[in-house]
Amino acid sequence: MPLPLDEKSSQCTQDQHLHTQSETQRLENAQVPKSMEEIFPSFSSLLMPVRLNKAPAAKTLSTPEGPESSFSTSIAITATSSSQPDESSRTEEEEKNLSTSEDTAKPRNMSIDALEKKVAFLESFLLLKYRMKEVATKEDILKIIIKDDEDHFPEIFLRACEHMEMIYGLDVKEVDPTSHCYGIFIKLGLTYDGMLGPIEGLPKTGLLILMLCLIFMHGNRVCEEEVWRVLNIREIYSGQKHFIYGEPKEFLTNDLVKEKYLEYRQVANSDPARYEFLWGPRAHAETRKMEILEFLAKIHGTDPKSYPSQYEEALREEEERAQALSVRAASTSMATASSSAVSGSFSET
(Lines give C-alpha, C1' and ligand atoms only; values in the text may rest on other atoms or scores of the structure.)
Protein backbone atom coordinates (compact mmCIF):
# COMPACT_ATOMS: atom_id res chain seq x y z
CA MET A 1 0.00 0.00 0.00
CA PRO A 2 1.20 3.56 -0.66
CA LEU A 3 2.32 5.74 2.18
CA PRO A 4 -0.42 8.06 3.51
CA LEU A 5 1.90 11.05 3.22
CA ASP A 6 1.03 14.35 1.59
CA GLU A 7 3.93 15.07 -0.78
CA LYS A 8 3.15 18.78 -0.43
CA SER A 9 3.53 18.66 3.36
CA SER A 10 5.67 21.47 4.68
CA GLN A 11 6.71 19.83 7.93
CA CYS A 12 6.84 16.56 9.88
CA THR A 13 4.09 16.10 12.45
CA GLN A 14 4.95 16.24 16.14
CA ASP A 15 3.89 12.60 16.62
CA GLN A 16 6.19 11.46 13.82
CA HIS A 17 9.04 13.45 15.29
CA LEU A 18 8.58 11.94 18.77
CA HIS A 19 8.29 8.43 17.31
CA THR A 20 11.42 9.00 15.24
CA GLN A 21 13.32 10.22 18.30
CA SER A 22 12.26 7.08 20.19
CA GLU A 23 13.27 4.84 17.30
CA THR A 24 16.59 6.66 17.01
CA GLN A 25 17.39 6.11 20.67
CA ARG A 26 16.44 2.44 20.46
CA LEU A 27 18.63 1.82 17.43
CA GLU A 28 21.52 3.81 18.84
CA ASN A 29 21.58 1.65 21.96
CA ALA A 30 22.19 -1.44 19.85
CA GLN A 31 24.50 -2.44 17.02
CA VAL A 32 22.88 -1.26 13.78
CA PRO A 33 23.14 -4.65 12.06
CA LYS A 34 21.62 -6.42 15.07
CA SER A 35 18.72 -4.02 15.44
CA MET A 36 17.96 -4.10 11.74
CA GLU A 37 18.07 -7.90 11.65
CA GLU A 38 15.51 -8.06 14.45
CA ILE A 39 13.10 -6.10 12.26
CA PHE A 40 14.07 -7.57 8.88
CA PRO A 41 14.26 -11.39 8.91
CA SER A 42 15.96 -11.20 5.50
CA PHE A 43 18.40 -8.48 6.58
CA SER A 44 21.40 -10.68 5.81
CA SER A 45 20.32 -10.61 2.16
CA LEU A 46 19.78 -6.85 2.26
CA LEU A 47 23.28 -6.35 3.60
CA MET A 48 24.82 -7.47 0.33
CA PRO A 49 25.75 -4.19 -1.38
CA VAL A 50 23.83 -3.75 -4.60
CA ARG A 51 25.76 -2.49 -7.61
CA LEU A 52 23.97 -1.05 -10.59
CA ASN A 53 26.04 -1.86 -13.63
CA LYS A 54 25.28 -0.16 -16.92
CA ALA A 55 25.62 -2.12 -20.10
CA PRO A 56 28.12 -0.59 -22.55
CA ALA A 57 26.20 1.24 -25.25
CA ALA A 58 28.27 -0.17 -28.08
CA LYS A 59 27.66 -3.73 -26.98
CA THR A 60 23.95 -3.08 -26.61
CA LEU A 61 23.65 -1.66 -30.12
CA SER A 62 25.67 -4.42 -31.75
CA THR A 63 23.86 -7.35 -30.12
CA PRO A 64 22.71 -9.68 -32.93
CA GLU A 65 19.45 -10.48 -31.15
CA GLY A 66 17.68 -7.42 -32.57
CA PRO A 67 16.87 -4.01 -31.07
CA GLU A 68 14.08 -5.17 -28.75
CA SER A 69 16.04 -8.06 -27.26
CA SER A 70 19.19 -6.00 -26.88
CA PHE A 71 17.22 -3.28 -25.14
CA SER A 72 15.73 -5.88 -22.80
CA THR A 73 19.22 -7.10 -22.00
CA SER A 74 20.43 -3.59 -21.25
CA ILE A 75 17.44 -3.00 -18.97
CA ALA A 76 18.22 -6.18 -17.07
CA ILE A 77 21.91 -5.39 -16.71
CA THR A 78 21.30 -1.78 -15.72
CA ALA A 79 18.68 -2.72 -13.14
CA THR A 80 20.37 -5.91 -11.95
CA SER A 81 20.23 -6.69 -8.26
CA SER A 82 22.95 -9.32 -8.30
CA SER A 83 25.60 -9.23 -5.61
CA GLN A 84 29.20 -8.16 -5.92
CA PRO A 85 31.20 -9.05 -9.06
CA ASP A 86 33.82 -11.76 -8.97
CA GLU A 87 36.87 -10.04 -7.52
CA SER A 88 39.15 -12.98 -8.35
CA SER A 89 38.54 -12.51 -12.09
CA ARG A 90 40.20 -9.08 -12.16
CA THR A 91 43.73 -8.73 -13.41
CA GLU A 92 46.35 -6.83 -11.42
CA GLU A 93 46.17 -3.96 -13.92
CA GLU A 94 42.35 -3.81 -13.61
CA GLU A 95 42.63 -3.73 -9.82
CA LYS A 96 45.14 -0.88 -10.06
CA ASN A 97 42.91 1.10 -12.46
CA LEU A 98 39.82 0.44 -10.34
CA SER A 99 41.63 1.54 -7.18
CA THR A 100 42.81 4.73 -8.88
CA SER A 101 39.36 5.63 -10.23
CA GLU A 102 37.66 4.86 -6.92
CA ASP A 103 40.20 6.90 -4.99
CA THR A 104 39.50 9.81 -7.31
CA ALA A 105 35.73 9.47 -7.05
CA LYS A 106 35.50 8.82 -3.28
CA PRO A 107 36.80 10.77 -0.33
CA ARG A 108 40.12 9.22 0.69
CA ASN A 109 39.26 8.75 4.35
CA MET A 110 36.61 6.09 3.76
CA SER A 111 37.15 2.66 2.24
CA ILE A 112 34.91 1.35 -0.54
CA ASP A 113 33.71 -1.53 1.68
CA ALA A 114 32.81 0.86 4.48
CA LEU A 115 30.97 3.10 2.03
CA GLU A 116 28.96 0.22 0.59
CA LYS A 117 28.09 -1.05 4.05
CA LYS A 118 26.77 2.40 4.97
CA VAL A 119 24.68 2.40 1.78
CA ALA A 120 23.28 -1.04 2.65
CA PHE A 121 22.41 0.05 6.19
CA LEU A 122 20.74 3.22 4.95
CA GLU A 123 18.78 1.26 2.37
CA SER A 124 17.52 -1.04 5.14
CA PHE A 125 16.68 1.95 7.35
CA LEU A 126 14.62 3.53 4.54
CA LEU A 127 12.80 0.23 4.01
CA LEU A 128 12.06 0.16 7.73
CA LYS A 129 10.59 3.66 7.55
CA TYR A 130 8.51 2.65 4.53
CA ARG A 131 7.11 -0.31 6.43
CA MET A 132 6.33 1.84 9.45
CA LYS A 133 4.71 4.46 7.19
CA GLU A 134 6.97 7.13 8.62
CA VAL A 135 9.22 9.78 7.19
CA ALA A 136 12.99 9.52 7.56
CA THR A 137 14.92 12.54 8.73
CA LYS A 138 18.42 13.61 7.81
CA GLU A 139 19.12 13.96 11.52
CA ASP A 140 18.31 10.29 12.12
CA ILE A 141 20.31 9.16 9.10
CA LEU A 142 23.36 11.06 10.28
CA LYS A 143 22.92 9.80 13.84
CA ILE A 144 22.22 6.14 13.13
CA ILE A 145 23.89 5.38 9.80
CA ILE A 146 26.44 8.00 8.81
CA LYS A 147 27.70 8.89 12.30
CA ASP A 148 31.22 10.35 12.01
CA ASP A 149 31.18 10.45 8.20
CA GLU A 150 28.86 13.39 7.55
CA ASP A 151 30.94 14.53 4.58
CA HIS A 152 29.91 11.32 2.83
CA PHE A 153 26.17 11.88 3.36
CA PRO A 154 25.38 13.10 -0.20
CA GLU A 155 27.00 10.09 -1.89
CA ILE A 156 25.66 7.49 0.55
CA PHE A 157 22.17 8.97 0.38
CA LEU A 158 22.21 9.16 -3.42
CA ARG A 159 23.33 5.54 -3.79
CA ALA A 160 20.73 4.27 -1.33
CA CYS A 161 17.99 6.22 -3.13
CA GLU A 162 19.08 4.73 -6.47
CA HIS A 163 18.84 1.23 -5.01
CA MET A 164 15.39 1.95 -3.57
CA GLU A 165 14.29 3.14 -7.00
CA MET A 166 15.83 0.41 -9.14
CA ILE A 167 15.27 -2.63 -6.91
CA TYR A 168 12.12 -1.86 -4.94
CA GLY A 169 10.37 0.65 -7.21
CA LEU A 170 10.27 3.31 -4.47
CA ASP A 171 11.00 7.05 -4.62
CA VAL A 172 12.63 8.86 -1.71
CA LYS A 173 11.44 12.48 -1.78
CA GLU A 174 12.12 15.41 0.50
CA VAL A 175 8.75 16.46 1.95
CA ASP A 176 10.08 19.15 4.30
CA PRO A 177 13.16 21.09 3.15
CA THR A 178 13.38 22.93 6.50
CA SER A 179 13.83 19.89 8.74
CA HIS A 180 14.98 17.60 5.90
CA CYS A 181 12.24 14.97 6.19
CA TYR A 182 12.06 12.33 3.47
CA GLY A 183 8.96 10.38 2.49
CA ILE A 184 9.12 7.07 0.63
CA PHE A 185 6.56 6.62 -2.15
CA ILE A 186 5.78 4.04 -4.82
CA LYS A 187 7.11 5.18 -8.21
CA LEU A 188 5.29 6.19 -11.38
CA GLY A 189 1.88 6.72 -9.77
CA LEU A 190 1.47 3.01 -8.98
CA THR A 191 -0.41 2.04 -5.81
CA TYR A 192 0.74 -1.56 -5.24
CA ASP A 193 3.93 -2.79 -3.60
CA GLY A 194 3.20 -6.53 -3.38
CA MET A 195 3.99 -6.73 0.33
CA LEU A 196 2.13 -9.38 2.29
CA GLY A 197 1.48 -7.07 5.22
CA PRO A 198 2.94 -4.18 7.22
CA ILE A 199 5.78 -6.33 8.59
CA GLU A 200 6.03 -9.10 6.02
CA GLY A 201 7.84 -9.27 2.74
CA LEU A 202 9.65 -6.58 0.79
CA PRO A 203 8.32 -4.15 -1.84
CA LYS A 204 8.01 -5.87 -5.21
CA THR A 205 7.15 -2.83 -7.33
CA GLY A 206 10.59 -2.92 -8.96
CA LEU A 207 9.68 -6.12 -10.79
CA LEU A 208 6.29 -4.71 -11.79
CA ILE A 209 7.97 -1.63 -13.28
CA LEU A 210 10.47 -3.81 -15.15
CA MET A 211 7.57 -5.79 -16.64
CA LEU A 212 5.76 -2.61 -17.72
CA CYS A 213 8.98 -1.39 -19.36
CA LEU A 214 9.53 -4.67 -21.21
CA ILE A 215 5.96 -4.77 -22.47
CA PHE A 216 6.01 -1.17 -23.70
CA MET A 217 9.40 -1.49 -25.41
CA HIS A 218 8.29 -4.68 -27.21
CA GLY A 219 5.29 -3.11 -28.92
CA ASN A 220 2.88 -3.39 -25.96
CA ARG A 221 3.19 -7.16 -25.65
CA VAL A 222 6.10 -9.40 -24.75
CA CYS A 223 6.37 -13.17 -25.02
CA GLU A 224 7.00 -15.17 -21.86
CA GLU A 225 10.28 -16.57 -23.23
CA GLU A 226 11.71 -13.06 -23.52
CA VAL A 227 10.56 -12.20 -19.99
CA TRP A 228 12.43 -15.14 -18.50
CA ARG A 229 15.50 -14.46 -20.62
CA VAL A 230 15.66 -10.98 -19.09
CA LEU A 231 14.85 -12.11 -15.55
CA ASN A 232 17.45 -14.89 -15.69
CA ILE A 233 20.08 -12.20 -16.31
CA ARG A 234 18.97 -10.72 -12.99
CA GLU A 235 19.21 -14.17 -11.40
CA ILE A 236 15.43 -14.45 -11.09
CA TYR A 237 14.23 -17.91 -12.13
CA SER A 238 10.82 -19.53 -12.56
CA GLY A 239 10.17 -22.02 -9.76
CA GLN A 240 13.06 -20.72 -7.63
CA LYS A 241 12.12 -18.61 -4.61
CA HIS A 242 13.59 -15.12 -4.64
CA PHE A 243 14.24 -13.25 -1.38
CA ILE A 244 12.29 -10.21 -2.62
CA TYR A 245 9.74 -11.57 -5.10
CA GLY A 246 8.95 -14.99 -3.66
CA GLU A 247 8.13 -17.45 -6.46
CA PRO A 248 8.49 -15.13 -9.48
CA LYS A 249 6.19 -16.94 -11.89
CA GLU A 250 3.42 -17.03 -9.31
CA PHE A 251 3.90 -13.29 -8.71
CA LEU A 252 3.80 -12.42 -12.43
CA THR A 253 1.10 -14.76 -13.70
CA ASN A 254 -1.14 -14.81 -10.65
CA ASP A 255 -0.64 -11.89 -8.22
CA LEU A 256 -0.10 -9.12 -10.79
CA VAL A 257 -2.85 -10.52 -13.01
CA LYS A 258 -5.31 -10.58 -10.08
CA GLU A 259 -4.31 -7.02 -9.27
CA LYS A 260 -5.06 -6.15 -12.93
CA TYR A 261 -1.58 -4.76 -13.59
CA LEU A 262 -0.80 -7.46 -16.15
CA GLU A 263 -2.67 -9.58 -18.64
CA TYR A 264 -1.29 -13.08 -19.24
CA ARG A 265 -2.74 -14.85 -22.22
CA GLN A 266 -2.01 -17.44 -24.88
CA VAL A 267 -0.47 -16.16 -28.10
CA ALA A 268 -3.08 -16.46 -30.84
CA ASN A 269 -2.84 -19.63 -32.95
CA SER A 270 0.26 -20.86 -31.10
CA ASP A 271 0.72 -24.63 -31.09
CA PRO A 272 2.22 -25.72 -28.80
CA ALA A 273 0.75 -23.01 -26.64
CA ARG A 274 2.92 -19.97 -25.95
CA TYR A 275 2.04 -17.08 -23.66
CA GLU A 276 2.55 -13.32 -23.59
CA PHE A 277 2.17 -10.41 -21.17
CA LEU A 278 0.35 -7.11 -21.76
CA TRP A 279 -0.44 -4.12 -19.57
CA GLY A 280 -3.59 -4.63 -17.51
CA PRO A 281 -6.31 -1.99 -17.00
CA ARG A 282 -4.90 -0.89 -13.63
CA ALA A 283 -1.51 -0.16 -15.19
CA HIS A 284 -3.18 1.98 -17.86
CA ALA A 285 -5.20 3.79 -15.19
CA GLU A 286 -2.34 4.52 -12.77
CA THR A 287 0.69 5.31 -14.92
CA ARG A 288 1.53 6.71 -18.34
CA LYS A 289 3.78 5.50 -21.11
CA MET A 290 5.66 8.81 -21.03
CA GLU A 291 6.50 8.20 -17.35
CA ILE A 292 7.78 4.74 -18.22
CA LEU A 293 9.88 6.17 -21.05
CA GLU A 294 11.29 8.93 -18.86
CA PHE A 295 12.23 6.32 -16.25
CA LEU A 296 14.00 4.21 -18.88
CA ALA A 297 15.80 7.25 -20.27
CA LYS A 298 16.93 8.19 -16.77
CA ILE A 299 18.46 4.79 -15.95
CA HIS A 300 20.22 4.71 -19.33
CA GLY A 301 21.44 8.29 -19.07
CA THR A 302 19.70 9.35 -22.26
CA ASP A 303 16.61 11.24 -23.46
CA PRO A 304 13.08 9.87 -24.11
CA LYS A 305 13.43 11.05 -27.73
CA SER A 306 16.26 8.53 -28.12
CA TYR A 307 13.49 5.95 -28.58
CA PRO A 308 11.55 7.64 -31.43
CA SER A 309 8.73 5.13 -32.00
CA GLN A 310 7.99 4.76 -28.29
CA TYR A 311 8.27 8.51 -27.79
CA GLU A 312 5.73 9.19 -30.56
CA GLU A 313 3.36 6.64 -29.06
CA ALA A 314 3.74 8.11 -25.57
CA LEU A 315 3.23 11.62 -26.97
CA ARG A 316 0.00 10.53 -28.71
CA GLU A 317 -1.22 9.10 -25.42
CA GLU A 318 -0.43 12.39 -23.63
CA GLU A 319 -2.41 14.33 -26.25
CA GLU A 320 -5.36 11.93 -26.02
CA ARG A 321 -5.38 12.25 -22.23
CA ALA A 322 -5.26 16.04 -22.46
CA GLN A 323 -8.19 16.06 -24.93
CA ALA A 324 -10.21 13.71 -22.72
CA LEU A 325 -9.60 15.96 -19.71
CA SER A 326 -10.59 19.01 -21.73
CA VAL A 327 -13.86 17.38 -22.85
CA ARG A 328 -14.58 16.27 -19.29
CA ALA A 329 -13.91 19.77 -17.95
CA ALA A 330 -16.18 21.31 -20.60
CA SER A 331 -18.97 18.84 -19.76
CA THR A 332 -18.63 19.60 -16.05
CA SER A 333 -18.72 23.34 -16.76
CA MET A 334 -21.86 23.01 -18.92
CA ALA A 335 -23.57 20.87 -16.28
CA THR A 336 -22.74 23.43 -13.59
CA ALA A 337 -24.01 26.30 -15.75
CA SER A 338 -27.21 24.40 -16.54
CA SER A 339 -27.78 23.63 -12.88
CA SER A 340 -27.25 27.29 -11.96
CA ALA A 341 -29.70 28.40 -14.64
CA VAL A 342 -32.37 26.01 -13.38
CA SER A 343 -31.83 27.16 -9.78
CA GLY A 344 -32.10 30.78 -10.92
CA SER A 345 -35.39 30.19 -12.71
CA PHE A 346 -36.89 28.57 -9.63
CA SER A 347 -35.80 31.43 -7.39
CA GLU A 348 -37.39 34.00 -9.75
CA THR A 349 -40.73 32.24 -9.54
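The values are calculated or read from the model by the stated rules, or taken from the named source; none is laboratory data. Note that this is a predicted model, so its numbers are computed, not measured. Please note: Cβ atoms are built from the backbone with ideal geometry, for glycine as well, and neighbour counts cover all protein chains shown. Side chains included, ligands, DNA and RNA excluded: accessible areas come from the protein's heavy atoms. Shrake-Rupley method; radii C 1.70, N 1.55, O 1.52, S 1.80 Å.
Quick one: is residue 309 in contact with a helix residue (DSSP H, G or I) (Cβ under 7 Å, 6 or more places away or on another chain) and surrounded by fewer than 16 Cβ atoms within 10 Å (Cβ to Cβ)? No, not satisfied.
Kindly provide the set of residues from the range 140-164 that are over 18 Å from residue 181 (Cα atoms) and in contact with an Asp or Glu (Cβ under 9 Å, 6 or more places away or on another chain), ordered by number. The answer is 163, and nothing else. Of the residues examined, residue 269 is not one that is surrounded by fewer than 20 Cβ atoms within 10 Å (Cβ to Cβ), at pLDDT 95 or above and farther than 21 Å from residue 307 by Cβ.
Are any residues in the range 276-296 open to solvent by less than 10 Å² (accessible area, probe 1.4 Å) and not in a helix (DSSP H, G or I), and if so, which ones? 277, 280, 287 - these are the residues of the range 276-296 that are open to solvent by less than 10 Å² (accessible area, probe 1.4 Å) and not in a helix (DSSP H, G or I). Can you pull out every residue in the range 218-227 that is open to solvent by 10 Å² or more (accessible area, probe 1.4 Å) and at negative phi? The answer is 218, 221, 223, 224, 225, 226.
You will find that of 231, 158, 214, the residue that is in contact with a strand residue (DSSP E or B) (Cβ under 8 Å, 6 or more places away or on another chain) and assigned to a helix (DSSP H, G or I) is 214 and no other. Looking for something closer than 27 Å to residue 134 by Cα and either crowded, with 21+ Cβ neighbours inside 10 Å or among the polar types (S, T, N, Q) (or both) - is there at least one such residue anywhere in the range 228-238? Looking through the range 228-238, none of the residues is closer than 27 Å to residue 134 by Cα and either crowded, with 21+ Cβ neighbours inside 10 Å or among the polar types (S, T, N, Q) (or both). The residues of the range 127-139 that are crowded, with 20+ Cβ neighbours inside 10 Å and either closer than 14 Å to residue 180 by Cβ or touching a Lys or Arg at 6+ places or on another chain (Cβ under 6 Å) (or both), listed by number, are 129, 135, 136, 137. Taking into account only those residues within the range 249-266 that are part of a loop (DSSP other than H, G, I, E, B) and not hydroxyl-bearing (Ser, Thr, Tyr), which is least open to solvent (accessible area, probe 1.4 Å)? Taking the candidates together, the pick is 259. Of the set (1) open to solvent by 10 Å² or more (accessible area, probe 1.4 Å); (2) under 20 Å from residue 116 (Cβ atoms), all apply to residue 177 but (2).
When residue 246 is tested against (1) surrounded by fewer than 21 Cβ atoms within 10 Å (Cβ to Cβ); (2) modelled with pLDDT of 95 or more; (3) among the small types (Gly, Ala, Ser), only condition (2) is not met.
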